[in-house]
Amino acid sequence: MGILEVKNVGKRFGGLQALSEVNLSVAENSCHAIIGPNGAGKSTLLNCLVGKLIPDSGSVMFDGQSVLGRAPYEINQMGISRVFQTPEIFGDLTVMENMMIPIFAKRDGAFRMHAFETITNEKQVVEQAEKMLEEMNMADKRHMHAAAMSRGDKRRLEIGMCLSQEPRLLLLDEPTAGMARADTNNTIDLLKQIKEERDITIAIIEHDMHVVFSLADRITVLAQGTPLVEDDPQNIKGNPKVREAYLGESA
Amino acid sequence: MFGLEKKDTSLLLIVAVLTMFAPFILNPFPTDSALAQFNAGYPDLMQRFVIFGIFAIGFNILFGLTGYLSFGHAAFLGVGSYAAVWMFKLIGMNVLPAILLAIIVSGLFSVIIGYVSLRRSGIYFSILTLAFAQMSFALAYSVLTPITGGETGLQLALDDPRILGVSQTAEGNIPVPSLFGLEMRSTAELVVGPWEFVFNVGYYTSALFMLASFYLAIRIFRSPFGMMLRAVKSNQQRMNYTGLNTRPYTLAAFVISGMYAGLAGGLMASMDPLAGAERMQWTASGEVVLMTILGGAGTLIGPVLGAGFIKYFENIFSKINDNVLHGWFAFLPDGMEDFVVFIIHPFIGKGWHLTLGILFMMVVIFLPGGLVEGGQRISSWVRGRKSEDKAKGKTEPAE
Ligand SMILES: Nc1ncnc2c1ncn2[C@@H]1O[C@H](COP(=O)(O)OP(=O)(O)OP(=O)(O)O)[C@@H](O)[C@H]1O
Ligand SMILES: [Mg+2]
């Protein structure tokens, strides 16, 4: 049994069957990549995992509990953190504040009316946030407005924010899309380091084969809303079906 | 001090000193001088400064922090006033229970309106709040006449029960609002040479409430809760996927600001014990939006400045008339004098709205951060010049 079990998930948008009969099992502490051509349904699948979409059929179990019908914040509180295709951070807030918010969310839950405490007195949260900023190599940017940072730094911050919650499952939707080569490599290094140092399960959607083959322990190829194959990276490379459906057209 | 950081403590102290010495500060001109009409240090206006200050401080907690623009906050002000007047009618003339009930009732009322309106955001939220407020206004004006007094408004009467007080005084008058015997309207005057300063119990009561409100706002701004409210404004999507439920945060902000409005309404009724439906009208809701934006939304002191600015204009500029202008420009040749007065005429007296409107547009266009941003620009300009002077002596390392 994997930490994430997707069974027979289907999702239809009007006349378009975006997902059908999707089965997926993500093993604990592994890095599972989901690849596939444009419009294959990768993001739709991810949205079904985090409560943004509700599948028409099937089940999604995380750690033995169903996530279906739960709001995104509840699913996050269960231990799933998500990194978006375009970095979603609190642009008007400082980098430090960005880092503190997920830590507060982890400590205090979905809502707490802590209106009489002072942020600077929350020593433990401040410490944790500072530690994570150091780890992300952005301690010097702590007073910066998050919106003013480069794309690569925003991505780094977002990943750091997710990690600060110590999630059991980290979901990444094309984390390197639209990034310069250098930023992409930095992100790969960061993710590799995370994989090695933490007990964390990673599910990553990616277009960039370089990224996929550097990180993944296991790969699922999605085409037209259904998984085509699921296998280890070295076998995927040689699989003729995959070449035809995906690699062939992009290579 | 008071659990605040040094910068905030000094801000609070400055505001405290300014409000406590307002009777002096606002009356800088000798009573018989030509400029006396610019004096704002009379009880009625000073009360309005601080009461609308409270209203705007509360509004800013919702609008400045979460970005939800309510166009119906006057409804809470009105509800607070009605609640307070009912307290004067039924219980007694002490202002504390009246203000307490005003806060509670407007709080409950804002839970309902907030719960419904916050299902939408952006313009739809604004429209919903506007619709609710106009509905409240219409109800107060007609259907709910037994509770609100309808067109004439809710007034005290000689036969009100006032179970903890007296229905009428020994002289057969309606008693006046007071704080443990200290009448709100009682006023002391201090004459120093040509100057005259007025100290009013009602003003100081309201001012103390304003300081408490301001202190509370600072605490909220600096709290994790306040940070969450700013996060709502910045990126709700990220909040949801960070395990935070935005709905209760926005509702809490809405209710807090509704209670601030209720406090303001209760104080208004305490200064002058009557309440009318017009207090809930959309123009009143719009006014607090103007105050907050003019002063600087999302800043601590901005709303107070905005409230003061607008109330000053409303009460002082509106009183300047052509006769006054002729007095000022009497030194000019006759034709010139008439011409100048003719040019200025549309901007004064009843035309004060025009002046305010133009100023408001200038602020929004050139100082999106409001008067506070203006102040910051001036101070950084001054500081820049100072450090330039210093830099002439020695070379400073580049930042
Ligand atoms: N909310 C929606 N409403 C209607 N159709 C949608 C919706 N979301 C996705 N689709 C459609 O579903 C199909 C799958 O989309 P999805 O975004 O999951 O693909 P993807 O594999 O992530 O592609 P890409 O690599 O381009 O990101 C597409 O044809 C898309 O147009
Ligand atoms: Mg996608």
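The values are calculated or read from the model by the stated rules, or taken from the named source; none is laboratory data. Treat the numbers as computed from the prediction; the structure is a model and nothing was measured. Virtual Cβ from ideal backbone geometry, glycine too; neighbours counted across all protein chains shown. Side chains included, ligands, DNA and RNA excluded: accessible areas come from the protein's heavy atoms. Shrake-Rupley method; radii C 1.70, N 1.55, O 1.52, S 1.80 Å.
Considering only alpha-carbon pairs that sit under 8 angstrom and 6 or more positions apart, the relative contact order computed for chain A is 27 percent.
Computed over chain A with a Gaussian network model linking Cα atoms closer than 10 Å, the most mobile of A:54, A:204, A:119 is A:119.
Of B:208, B:130, the residue with the largest accessible area leads and the full order is B:208, B:130 (1.4 Å probe). Two tests apply to each whole DSSP H helix in chain B, Cα reach of 27 Å or more along its axis and mean Kyte-Doolittle hydropathy of at least 1.0, and the ones passing both are B:95-117, B:122-141, B:201-221. Our summary gives region B:87-243 a relative contact order of 19 percent, counting only alpha carbon pairs under 8 angstrom and 6 or more residues apart.
For the chain pair A and B, the buried solvent-accessible surface (1.4 Å probe, both sides summed) amounts to about 2900 Å². Excluding same-chain neighbours fewer than eight residues apart, the aspartates and glutamates reachable from residue A:241 by a Cα-Cα span under 19 Å are A:21, A:206, A:208, A:230, A:231, A:232, A:249. Within the full protein context, the accessible area of residue A:43 is estimated at about 40 Å² for a probe radius of 1.4 Å.
Once the 1.4 Å probe is applied to the protein heavy atoms, region B:239-318 comes out at 24 Å² accessible per residue. Computed over chain B with a Gaussian network model linking Cα atoms closer than 10 Å, the most mobile of B:64, B:327, B:72 is B:327.
Simple rule: put +1 on each Lys or Arg Cβ and -1 on each Asp or Glu Cβ in chain B, find the dipole, and look at B:176, B:205, B:305; the Cα lying farthest toward the positive end is B:305.
Here residue B:319 is the anchor, and the lysines within straight C-alpha reach of less than 16 Å, apart from those fewer than 8 places off in the same chain, are B:311, B:350. From the residues A:20, A:66, B:114, which one has its Cα farthest along the dipole of the protein assembly as shown in the positive direction, the dipole being from +1 and -1 charges on Cβ of Lys/Arg and Asp/Glu about the Cα centre? Positive-most Cα among the choices belongs to A:20. Of the candidates A:133, A:16, A:222, which one comes out as most mobile in a Gaussian network treatment of chain A with C-alpha springs shorter than 10 Å? Largest GNM mean-square fluctuation: A:16. Averaged over peptide A:70-79, the number of partner chain Cβ atoms lying within 10 Å of each residue's Cβ comes to 4.
Counting only DSSP beta bridges with both residues in the protein assembly as shown, the antiparallel share comes to about 60 percent. Other protein chain C-beta atoms within 10 Å of residue C-beta, averaged over A:100-109: 5. Ordering of B:372-379, A:5-12, B:93-100 by packing is B:93-100, A:5-12, B:372-379, highest average first (other Cβ atoms within 10 Å, averaged per residue).
The amide H of residue B:196, built 1.01 Å from its N in the peptide plane, has B:31 as neighbours under 5 Å, considering only residues 5 or more places off or on other chains. Shielding by partners for peptide A:120-132, expressed as the average number of C-beta atoms from other protein chains within 10 Å of each residue's C-beta, is 1.
Cross-linked pairs A:141/A:195; A:154/A:195; A:123/B:386: Cα-Cα separations exceed 27 Å for A:123/B:386. Sequence-distant contacts, meaning Cα pairs under 8 Å at least 6 residues apart, place the relative contact order of region B:248-326 at 14 percent.
Taking the Kirkwood radius as Rh and the Cα radius of gyration as Rg, the protein assembly as shown has a ratio of Rg/Rh equal to 1.09. Considering only DSSP beta bridges with both partners in chain A, what is the antiparallel share in %, to the nearest 5? Just about 55 percent of them are antiparallel.
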